[in-house]
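The values are calculated or read from the model by the stated rules, or taken from the named source; none is laboratory data. Note that the coordinates shown come from a computational prediction; the quantities given were computed from them, not determined experimentally. Here the Cβ is made from the backbone with ideal geometry for all residues, glycine too, and neighbour counts use every protein chain on show.
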């Protein structure tokens, strides 16, 4: 699991909506060959259809033997397709007992096998629910809301079985369940989807301000609240009574003593003595657990009594009545006790008994689920036809996104409650809301706040109470989620959650998703192995460097992959954060693009025992060895230090962006570019330097529908002050055309109501089409490009603009039919969307930035910029539009800006070539355009310097140099709407690589042997890269105090962001 301490962030109100998805890919006929699939639950029609679909794809369906309470055949189980409750089962208290017990029993049976499994591709659990395909958001005949129990359980299973892939599929009962169940099991990506007669849909949360009509509450109103005598419930009850003047009746399971015993009002010290005597003087016949329960009941009653006294002292009209909500008789009594003034009911009762599944009894599961689910059903029945102003169910985000370890039943209970509330809202004549809360800061059921806070930002009591009161005094229905930033996350959740465009921390989550790749082996306390494919159609970073003229992965991004790999390890079950990389070795020749894409395999292994490092005194450290392999050849490796909390060399070391909250470098650079409502730059996908170096940001809104797509989307892009041009297909130095439409991303969809550009002649897209059109076309030698990245019309995927890609984010893995190779991100409901090229209207998830820019062929015409479907003006090949800084080589080897042109405004010279060579005198960097290799030099590492500006160098001290740098913008490294933001200071690292010293005279290292068939391959090494928690990925200056040392610092404060020590080029020794 990847984790970083969750940063302070606002909790935003989100509503759930539905977004259309492309069809799920049809699995191959042998996709389940050799796999045994347990078919569980549902009705006979469900089981028959699923058995047939499993067999059709080569699997062996296994039935459940109800008498033996075990699979009908012996042997291991590789997947479970669970229909839960049959659609026609009555929605009634307790009707779920037998079916849920069956599922829990089956999971206990596979527990030993599944818990130790590390193959991330073997195990699957798919829960099928029956709410009409809309997960309850739309009314449906014969909807079965109790299936929510299985949905919540499924989403928490990765905490029990780390390598298990999970899905939730909601179906229209009229559909044959087998084919979609098997298709989602094998080919789906999202955590929760629905299949209706109209097509496939996904849940998408989007931030929404409350806008319902006011509901007046006053002294004549009574608010009834189950479970409101303690914790968050009482905090709400107290403020509701004080602010509205209404009468509040709260309940709890236990009755207050008729007589007030001394322990009820004793001081804390006095009660501690009562506890001591209870243990010391217990009857030997009384078991220890019984003593513990007796003391626990006394503690709860003390809290209730103290809260009631507190309310009385504050002048609040709050009364208490005992009620066991799973008892319908007691619930009816409670409702009658509220009297005729009852107008608001809040079902807040709940219990949590967190224990891993083998330690849970069936009775505990029924108890946890029953309080939430049966309690709500009893309340609705007892209320009858009372004309309420509001019915509010209190849920949890554990149901929506999965619970913590040991919360299978609690997550099931909350998702079951949410779907019951949705159904009630469709049926009852008054508003019904379900409020899904994160952890409350310091109150509530959570016993370990620090652990809970790792999952998501907790909500403060003050903010929570304010939001709660607002909800019950404003009209509206549905599930309302209060969401902060996500921290601790399993790969299944990171990959499967549909990330809204207006979600805070979105850039960090999508970046983590990209660098995660495809999980192959997942044993988070020991080993994580992942696979990665970078396609040059969208991984434009591959054109930033070359090894012997072949495109290659920048060395700095190889380090990023190493750092991220270690972040998925959980030493001892405790989340940790990478704080330093040691013993770094990168072999650039292995990172060359060979074929259509660059395929990488990453392996991260935890080293045994604790680690120590003088830079982090007093910190608890573990070490992990991470390797990156390409085509069977070791490409990069390092030892990564992991820490939970550490005092680094420059103060507290944070997560370096591993958790939520890591801002994108340049993500807010939209400034002049994003003039419209599309909010360019708001989530890290914004302007790729629109006007960054000067004025002109292109023609404002020229391509934006209603002016909302962001200025510069198809702007002419005159060169700004400082000589840097903006988009419009202008050719870069050495003939590289700049990306058309990069400034102010046209078509980058945002929150509800945003408009975006329409590309070409395509019809208006469906909700969420995620297209960023308008980069320059790729011409062949001597031919003009047509804007299609070598694959046809701009943005036209194999299946048109919609693409067959999964509804995922732009930082996800490439999908077959997505032009730019990345699966699309779900967008907020109501957003206008862009269509891609001349393709048909896009559906949700299409994420295409068509027409990746390319250099014209030798002697050929420049590529035609295809911006928003229109032809841009052609520029001559090789026209310099990015003039360099003035920088003649000074005395004693004073450096120039690496890779930039010579005098201002002059055509750019050849880019700097970096490989084993001689450094300048006094350790200064080499000049521009000067290959520095000596005799016997190995394949060259050439950095084109397009994405990073190194400004004029200044001598600092004896032999040191300093220069300001312009950080890499993710939108220039990846042709995606939501590009991954590297967390390391990649811009400065790449500059440091350029000036790495070599062995004297460029001679081979003694003992170096030639690689088979040619020269020895060079290795770039560094002793350590220490990361700082404060902006480590956004340095603004590079300081080279010595030939092999670089510190990346802030421009104004000189606050260290990271430090690279002992870096150099070498030739390998045997």
request  = Hey, can you tell me all the residues within region 314-328 that are surrounded by fewer than 16 Cβ atoms within 10 Å (Cβ to Cβ) and closer than 8 Å to residue 249 by Cβ?
outcome  = 319
note = Restricted to region 535-578 and to residues being out of contact with any helix residue (DSSP H, G or I) (no Cβ under 8 Å at 6 or more places or on another chain) and under 17 Å from residue 940 (Cα atoms), the residue surrounded by the most Cβ atoms within 10 Å (Cβ to Cβ) is 542
inquiry  = Being crowded, with 22+ Cβ neighbours inside 10 Å, within 18 Å of residue 92 (Cα to Cα) and more than 26 Å from the chain's Cα centre (by Cα) is the filter here; which residues of region 123-146 pass it?
reply    = 130, 131, 143, 144, 145, 146
ask   = Does residue 265 meet the test of being over 21 Å from residue 293 (Cβ atoms), free of Cβ contacts under 8 Å to residues at least 60 places away in the same chain and surrounded by 12 or more Cβ atoms within 10 Å (Cβ to Cβ)?
value = yes
task = For region 29-64, name all the residues that are under 34 Å from the mean Cα position of the chain (by Cα), more than 18 Å from residue 86 (Cα to Cα) and in a helix (DSSP H, G or I).
result = 53, 54
inquiry  = Among the listed residues 353, 383, 417, 357, identify the single one that is crowded, with 24+ Cβ neighbours inside 10 Å and touching a residue at least 24 places away in the same chain (Cβ under 8 Å).
reply    = 417
key: Subset of region 268-292 (residues that are surrounded by 12 or more Cβ atoms within 10 Å (Cβ to Cβ) and in a loop (DSSP other than H, G, I, E, B))   = 282
ask   = Is it true that residue 416 is touching a helix residue (DSSP H, G or I) at 6+ places or on another chain (Cβ under 9 Å) and within 21 Å of residue 324 (Cα to Cα)?
value = yes
ask   = Hey, among the residues in region 477-510 that are closer than 25 Å to residue 419 by Cα, assigned to a loop (DSSP other than H, G, I, E, B) and in contact with a helix residue (DSSP H, G or I) (Cβ under 9 Å, 6 or more places away or on another chain), which one's modelled with the highest pLDDT?
value = 477
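State which residue is nearest to the chain's Cα centre (by Cα) when the search covers only region 593-613 and only residues that are modelled with pLDDT of 90 or more and outside any strand (DSSP E or B).
Ranking the qualifying residues of region 593-613, first place goes to 597.
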inquiry  = Going by what's in this entry, would residue 78 be described as over 24 Å from residue 130 (Cβ atoms), assigned by TED's automatic domain parsing to the domain that holds residue 118 and touching a strand residue (DSSP E or B) at 6+ places or on another chain (Cβ under 8 Å)?
reply    = yes
inquiry  = Please pick out the residue among 186, 204 that is farther than 24 Å from residue 345 by Cα and crowded, with 24+ Cβ neighbours inside 10 Å.
reply    = 204
Among the residues listed as 99, 141, the single one being over 18 Å from residue 418 (Cβ atoms), modelled with pLDDT of 95 or more and in the same structural domain as residue 21 (by TED's automatic domain parsing) = 99
message = Condition check: outside the structural domain of residue 464 (by TED's automatic domain parsing) and not in a loop (DSSP other than H, G, I, E, B). Does residue 295 satisfy that?
response = yes
message = Among the residues in region 185-208, are any closer than 20 Å to residue 103 by Cβ and either in the same structural domain as residue 473 (by TED's automatic domain parsing) or over 23 Å from the mean Cα position of the chain (by Cα) (or both)?
response = no
key: Tally of residues being in contact (Cβ under 8 Å) with a residue 40 or more places away in the chain and outside any helix (DSSP H, G or I) across region 360-380   = 1
Answer from 151, 120 - the residue that is farther than 20 Å from residue 407 by Cβ, crowded, with 20+ Cβ neighbours inside 10 Å and under 22 Å from the mean Cα position of the chain (by Cα) = 120
task = Could you identify the single residue in 470, 447 that is modelled with pLDDT under 85, surrounded by fewer than 21 Cβ atoms within 10 Å (Cβ to Cβ), over 30 Å from residue 193 (Cβ atoms) and out of contact with any helix residue (DSSP H, G or I) (no Cβ under 7 Å at 6 or more places or on another chain)?
result = 447
ask   = Looking only at residues in region 392-406 that are closer than 22 Å to residue 324 by Cα and touching a helix residue (DSSP H, G or I) at 6+ places or on another chain (Cβ under 7 Å), which one is surrounded by the fewest Cβ atoms within 10 Å (Cβ to Cβ)?
value = 392
message = Suppose the filter is assigned to a helix (DSSP H, G or I), more than 30 Å from residue 530 (Cα to Cα) and free of Cβ contacts under 8 Å to residues at least 40 places away in the same chain; does residue 90 pass it?
response = no
